[in-house]
1. Considering the stretch 273-301 alone, what residues qualify as being hydroxyl-bearing (S, T, Y) and in contact with a Ser or Thr (Cβ under 9 Å, 6 or more places away or on another chain)?
2. Being within 22 Å of F185 (Cβ to Cβ), small (G, A, S) and open to solvent by less than 80 Å² (accessible area, probe 1.4 Å) is the filter here, so list the residues in the stretch 317-355 that pass it.
3. Which strands (runs of 3 or more DSSP E) does the stretch 181-224 wholly contain that include 3 or more residues that are over 30 Å from P319 (Cβ atoms)?
4. I need a count of the residues in the stretch 77-129 that are in a strand (DSSP E or B) and of a type in the set (D, E).
5. Filter the stretch 317-370 for residues that are assigned to a helix (DSSP H, G or I) and of a type in the set (K, R) and give the result.
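The values are calculated or read from the model by the stated rules, or taken from the named source; none is laboratory data. Keep in mind it's a predicted model, so treat the numbers as computed, not measured. Every residue, glycine among them, receives a Cβ derived from its backbone with ideal geometry; neighbour counts consider all protein chains shown. Side chains are part of the model used for accessible areas, which takes the heavy atoms of the whole protein and leaves out ligands, DNA and RNA. Shrake-Rupley method; radii C 1.70, N 1.55, O 1.52, S 1.80 Å.
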Amino acid sequence: MPCYARILFIVVCLILLGECRKHRSRRKRWSAPAENHKPGTPLSKKVADGTKSRKLKTSHLLRIDEHDFTMRPAFAGPAVPVGVDVQVESLDSISEVDMDFTMTLYLRHYWKDERLAFPSTTNKSMTFDGRLVKKIWVPDVFFVHSKRSFIHDTTTDNIMLRVFPDGHVLYSLRVTVTAACNMDFSRFPLDSQTCTLELESYAYTDEDLMLYWKSGDESLSTDDRISLSQFLIQKFHTTSRLAFYSSTGWYNRLYINFTLRRHIFFFLLQTYFPATLMVMLSWVSFWIDRRAVPARVSLGITTVLTMSTIITGVNASMPRVSYIKAVDIYLWVSFVFVFLSVLEYAAVNYLTTVRDGKDRKLREKAREQSQNLPCTCGMSHGRTMMLDGTYSEADANSLAGYTRGSMAPDDASEKPERIVVHLSLDNEPTETKKKKGFRIIQNTHAIDTYSRMIFPGAYILFNLIYWCVYC
């Protein structure tokens, strides 16, 4: 038994010795050969391998754990100056119905926080992404009167933080904001609108944080390619002032002002030209016969309904304001002209009907008087014309004012048929002369003739006054 134990012990020792030799050979294979230094040659400095040097964490380099960044820099001291500059990337949309605008911009903040200073021999800054922003203090700037806003996050949060060795910080982010804009539509669509984007600190008053434009008017830069379909961007400029809240105090507020002038060509094609054509189309009825009732009535009703549709379409794309707009004046005056053309034909048709009734009564009265007259009468009041039987019916009917009568011949079988026509010589021409003062009212052709001149002249005068006032 002791013999087997010794043999086992020797085998284990041999195995361990073999493993030790393999490990030594592996170390020699991967270790670099030592350089032999010859006497008389200078010693060369060995370059340190940067990959094996120990890396410092950002929190250790900036000493984030050593400070409380929930407090502003220089807490309980003077106000922290925070410079701001803005680069407008795009002006996305302007909404008249919602009275707001949407803008995408780069918002940059500049301030100094000595707690973030770090040693550097090259004086180079360090750039970080949005993950470090949650660990340090940053200004709490927000957009006043904003409805919606968000920071772009494709493919990551569009936030950049750059820290300089002396503690200066640059904080930049890409934001899209939708803000309210108080618009005045009294001159729409010949108007200009001025909108404002306001920036302000939410928590810190002017005693704790001083917000200012970093480079004055040059703090605002825009892209020359910015354009809108309905507006011409005239100018951008910056201002600043103090804003007071009764419960919290005074705050620094920065303003980005921009002026927009509306393009009129779109509204000329879609609103003004159709309305003008409808008014001119309503004048066509003045040249149509007054007895063509279906033609003139259908034309008038069509133009009135078309004008109503144009007015409804314009108001559908506008906010419900309680004052009159410039486009409302033009459309409603055009609507009145179209409506008056319909009323003009109503007056013409009424007067025509009244006149026809009077003429019918006069003819019936004259017929009754002619039947009561004898066949022959004195020449002092009438004349009798004898016509033989060779007359034509057209000739007899053309004798207006004459009456027919039959004379009994002596011999009916031998003498041809004769007709006696009496010419009435009463006082009707004198009565007609007395009514010449009402000739315009009774003559419906005169009403249409005057309308052909009055309606176009009045509409042209209105257009001259309208475009001189609003342009």
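1. Once the filter is applied, which keeps residues that are hydroxyl-bearing (S, T, Y) and in contact with a Ser or Thr (Cβ under 9 Å, 6 or more places away or on another chain), the stretch 273-301 yields T276, S282, S285.
2. Correct list: S317, A326, S334.
3. Of the strands (runs of 3 or more DSSP E) lying wholly inside the stretch 181-224, those with at least 3 residues that are over 30 Å from P319 (Cβ atoms) span 209-213.
4. Result for the stretch 77-129: 4.
5. R355, K358, R360, K361, R363, K365, R367
A quick yes/no check of all residues on (1) open to solvent by 70 Å² or more (accessible area, probe 1.4 Å); (2) part of a strand (DSSP E or B); (3) at pLDDT 95 or above:
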site: S247; (1), (2), (3): yes, no, no
site: Y251; (1), (2), (3): no, yes, yes
site: Y272; (1), (2), (3): no, no, yes
site: A275; (1), (2), (3): no, no, yes
site: M280; (1), (2), (3): yes, no, yes
site: P294; (1), (2), (3): yes, no, no
